[in-house]
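Notes to accompany the following structure.
The values are calculated or read from the model by the stated rules, or taken from the named source; none is laboratory data. Just so you know, these numbers come straight off a predicted model, no measurement behind them. All Cβ positions, glycine included, derive from the backbone under ideal geometry; neighbour counts span all protein chains shown. Just the protein is used for accessible areas: all its heavy atoms, side chains included, with ligands, DNA and RNA removed. Shrake-Rupley method; radii C 1.70, N 1.55, O 1.52, S 1.80 Å.
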Amino acid sequence: MVDRNATQRRTRRKPKPLDRTRLRDLALSYVARFATSAGKLESYLKRKLRERGWEGEGDPGIEALVADFVDKAYVDDRGYGKMKAGGLLSRGYGARRVDETLRAAGIDEGLRSELAPGEREAREAALALARRRRFGPFSTPPADETREMRHKRNEKQLAAMVRAGHTFAHAQAILSAADEAALEEWLEEADLWD
């Protein structure tokens, strides 16, 4: 019996260890392909360094390389954060989920608090999720739905909204709304908060 993968295993080359030039090339390639933050770029380069090793002289200087990319505006944490937060909010994710995502990307706390959605944005995101997932007044329950079935459905919808990063109060307001008009009024009330 012939092992067809044996040839493949033998011919697969191990990538060369990194030096300053290869590390910089990897960083340039990464920022050219992906919108990223300084924290994500640093994590990527550290991972590549662990995988491939270092054959250059002295310290790899990852922090200095990332700082150089920030100075040259190849990496912009504010721009990345705005783009990421806007995308998450438009898909219906809440403020908590936005903050968690930005924290994971290495965005500092001050910038995360600046990019946090206001009350109106948070309510619009909650409504976007409810519309997309057909929660609350956007759902069409079965005609033979019992009180117990309705209660279970509401619990599941509430849990899904809270997992998506919305506050319990926002989720409850949407799920208890009588109709879409009531939700529009609820959305307009947010202007009083901001």
**Report entry** Candidate set from segment 108-164 (those that are of a type in the set (Gly, Ala, Ser), over 28 Å from ASP76 (Cβ atoms) and out of contact with any helix residue (DSSP H, G or I) (no Cβ under 8 Å at 6 or more places or on another chain)); member that is modelled with the highest pLDDT
**Finding:** ALA159
Report task. Show the residue pairs that are 6+ apart or on different chains and have beta-carbon atoms under 6 Å apart, the first residue being within segment 52-68 and exposed (fewer than 12 other Cβ atoms within 10 Å of the Cβ), the second being charged (D, E, K, R). Result -> GLU55/ASP19
Query raised in the report: So, of the residues in segment 137-194 that are within 28 Å of ASP99 (Cβ to Cβ), outside any helix (DSSP H, G or I) and free of Cβ contacts under 8 Å to residues at least 60 places away in the same chain, which turns out to be least open to solvent (accessible area, probe 1.4 Å)?
Result: ALA177
**Report entry** Residue that is least open to solvent (accessible area, probe 1.4 Å), among those in segment 34-50 that are free of Cβ contacts under 8 Å to residues at least 12 places away in the same chain and part of a helix (DSSP H, G or I)
**Finding:** ARG47
Query raised in the report: Taking segment 72-101 on its own, how many of its residues are surrounded by 14 or more Cβ atoms within 10 Å (Cβ to Cβ) and assigned to a loop (DSSP other than H, G, I, E, B)?
Result: 6
Requested in this report: Determine which member of the set GLU109, GLU124, GLU119 is touching a residue at least 40 places away in the same chain (Cβ under 8 Å) and open to solvent by 70 Å² or more (accessible area, probe 1.4 Å).
Outcome: GLU124
Report task. With the checklist (1) in a helix (DSSP H, G or I); (2) under 27 Å from MET161 (Cβ atoms) in hand, flag the one item VAL31 doesn't pass. Result -> (2)
